[in-house]
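Novice: Structure in structure tokens, see below.
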Amino acid sequence: MRKIAVLMVLIIASSGCKPQRISEAENAVRFAMKDPDSTQFRDVQICVADKSIVRGDYNSKNEMGGYVGFKPFFYDGQFISLEDEKFTPVMNKCYPPTKDQSDDPVVRDADSALSDLREVIQAASAAK
């Protein structure tokens, strides 16, 4: 009976632990923020297609003290934000397109739109 109680305590204690790779990813994102302690996360998980990549969403406060809204991120040993040029290649590793999708003009247009969005964000950041 005592062994069962100890086993139950160990199971309950270990169920709240995050995989180390997810903790590394969250710490890398926090380190890149202006207010690391305010950083919030949701849907953080290891990619099914490539186990070396972590994906999720983060939200953090800006210099005015307001939250900016959740944004996607990837982590492959370093924090990769939407503005990063590595975002699309890493996203494609995490969610590789099927053969049918790779020839789809909608998928190509989405990649082009993401590239355009990155340019707008960079231009807006440079103008500040």
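The values are calculated or read from the model by the stated rules, or taken from the named source; none is laboratory data. Values in this document were obtained by computation on a predicted structure and should not be read as measured data. With ideal geometry, Cβ positions are generated from the backbone for all residues, glycine too; neighbour counts draw on all protein chains shown.
Novice: Every residue in segment 48-73 that is surrounded by 20 or more Cβ atoms within 10 Å (Cβ to Cβ) and either among the aliphatic types (A, V, I, L, M) or free of Cβ contacts under 8 Å to residues at least 24 places away in the same chain (or both), please.
Specialist: Passing the criteria: I53, V54.
Novice: Could you list, in sequence order, all residues of segment 81-128 that are of a type in the set (V, I, T), part of a helix (DSSP H, G or I) and at pLDDT below 80?
Specialist: V106, V107, V120, listed by residue number.
Novice: What tally of residues in segment 1-34 results from selecting those that are at pLDDT below 90 and part of a helix (DSSP H, G or I)?
Specialist: Count: 14.
Novice: Picking from D84, D76, D50, D43, which residue would you name as being over 11 Å from the mean Cα position of the chain (by Cα), over 18 Å from I121 (Cα atoms) and charged (D, E, K, R)?
Specialist: Going through D84, D76, D50, D43 in turn, the sole match is D50.
Novice: Then there's this: Give segment 35-51 a look and list any residue that's part of a strand (DSSP E or B) and more than 15 Å from P19 (Cβ to Cβ), or say none.
Specialist: Kept after step one, since they are part of a strand (DSSP E or B), are these residues of segment 35-51: 40-46.
Hits for segment 35-51 are Q40, R42.
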